[in-house]
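Undergrad: My structure is below; once you've seen it, I'll send some questions.
The values are calculated or read from the model by the stated rules, or taken from the named source; none is laboratory data. As the structure is a computational prediction, the values presented were derived from the model and not from experiment. No Cβ is skipped: glycine too gets one built from the backbone with ideal geometry, and neighbour counts run over all protein chains shown. Each accessible area value is taken on the protein alone, full model and side chains, heavy atoms only, with ligands, DNA and RNA left out. Shrake-Rupley method; radii C 1.70, N 1.55, O 1.52, S 1.80 Å.
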Amino acid sequence: MANIENQKFIALDISGKNYLSWVLDVKLHLSAKKLRHTIDEDNAASNEERVTALIFLRRHIDDGLKYENLTVENPLELWQNLNDRFEHLKAVVLPKALND
């Protein structure tokens with residue numbers, strides 16, 4: 001498999017200030033690597049796909065976020081944890097879009 005471990009874009013900051021662009025970057029890169037399904041509910045990803053996606057996600061988050069999610073071994077769970085933590089930022093950054 002291609003060297004997916006190298007950082008491809010700016011890591012998610014612990015403050016979440018770049019969360020929206022980070023989400024888009026992750027989805028695009030996982031899609032390009034045919035691993036997008038690993039962060040979808042009820043996916044049938046293989047163990048190798050999950051591990052590869054988890055490595056990719058962990059390489060693109062702040063060290064503090066890595067430490068907070070140290071025991072997470074499933075990319076979907078990490079994705080949901082980060083979403084739960086930063087989802088509220090959409091209301092701050094995109095208030096007009098949410099009201100449309």
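Undergrad: Is there a residue being modelled with pLDDT of 95 or more, over 13 Å from residue 30 (Cα atoms) and assigned to a helix (DSSP H, G or I) anywhere in the range 90-100?
TA: At the first step, the residues of the range 90-100 found to be modelled with pLDDT of 95 or more are none.
No.
Undergrad: So, one more: Please determine, by comparing only the residues of the range 23-48 that are in a helix (DSSP H, G or I) and acidic (Asp, Glu), which one is nearest to the chain's Cα centre (by Cα). Spell out how you get there, then give the answer.
TA: So the first thing to find is which residues in the range 23-48 are in a helix (DSSP H, G or I), and the list is 23-32, 36-39, 47-48.
The next check asks that each one be acidic (Asp, Glu); those that pass are 25, 48.
Values: 25: 9, 48: 17 Å.
Filtering the range 23-48 for residues that are in a helix (DSSP H, G or I) and acidic (Asp, Glu), the one nearest to the chain's Cα centre (by Cα) comes out as 25.
Undergrad: Right, another one. Anything in the range 8-17 that is open to solvent by less than 30 Å² (accessible area, probe 1.4 Å) and either part of a helix (DSSP H, G or I) or closer than 16 Å to residue 66 by Cβ (or both)? List them, or say none. Walk me through it before giving the result.
TA: From the range 8-17, those open to solvent by less than 30 Å² (accessible area, probe 1.4 Å) are 9, 11-12, 16; that's our starting set.
Of everything in the range 8-17, those that are open to solvent by less than 30 Å² (accessible area, probe 1.4 Å) and either part of a helix (DSSP H, G or I) or closer than 16 Å to residue 66 by Cβ (or both) turn out to be 11, 12, 16.
Undergrad: Taking the range 49-77 as the region of interest, how many residues are in a loop (DSSP other than H, G, I, E, B) and of a type in the set (Phe, Trp, Tyr)?
TA: Within the range 49-77, residues that are in a loop (DSSP other than H, G, I, E, B) and of a type in the set (Phe, Trp, Tyr) number 0.
Undergrad: Does the range 51-70 include one or more residues that are farther than 26 Å from residue 89 by Cβ, loosely packed, with under 13 Cβ neighbours inside 10 Å and of a type outside the set (A, V, I, L, M, F, W, C)?
TA: First, pick out the residues of the range 51-70 that are farther than 26 Å from residue 89 by Cβ: 51-52.
Checking which are loosely packed, with under 13 Cβ neighbours inside 10 Å leaves us with none.
So far as the range 51-70 goes, no, none of its residues is farther than 26 Å from residue 89 by Cβ, loosely packed, with under 13 Cβ neighbours inside 10 Å and of a type outside the set (A, V, I, L, M, F, W, C).
Undergrad: Please list, ordered by first then second residue, the pairs with beta carbon atoms under 7 Å, 6 or more apart or interchain, first in the range 45-61 and among the basic types (Lys, Arg), second surrounded by fewer than 19 Cβ atoms within 10 Å (Cβ to Cβ).
TA: Close Cβ pairs (under 7 Å, with a partner that is surrounded by fewer than 19 Cβ atoms within 10 Å (Cβ to Cβ)) amount to 50/74; 58/66; 59/5; 59/7.
Undergrad: Could you run through the range 1-27 and say how many residues are more than 19 Å from residue 86 (Cα to Cα) and at pLDDT 90 or above? Talk me through it step by step, then tell me what you get.
TA: Step one: of the range 1-27, the residues more than 19 Å from residue 86 (Cα to Cα) are 1-8.
Still in the list and also at pLDDT 90 or above: none.
Number satisfying all stated conditions: 0.
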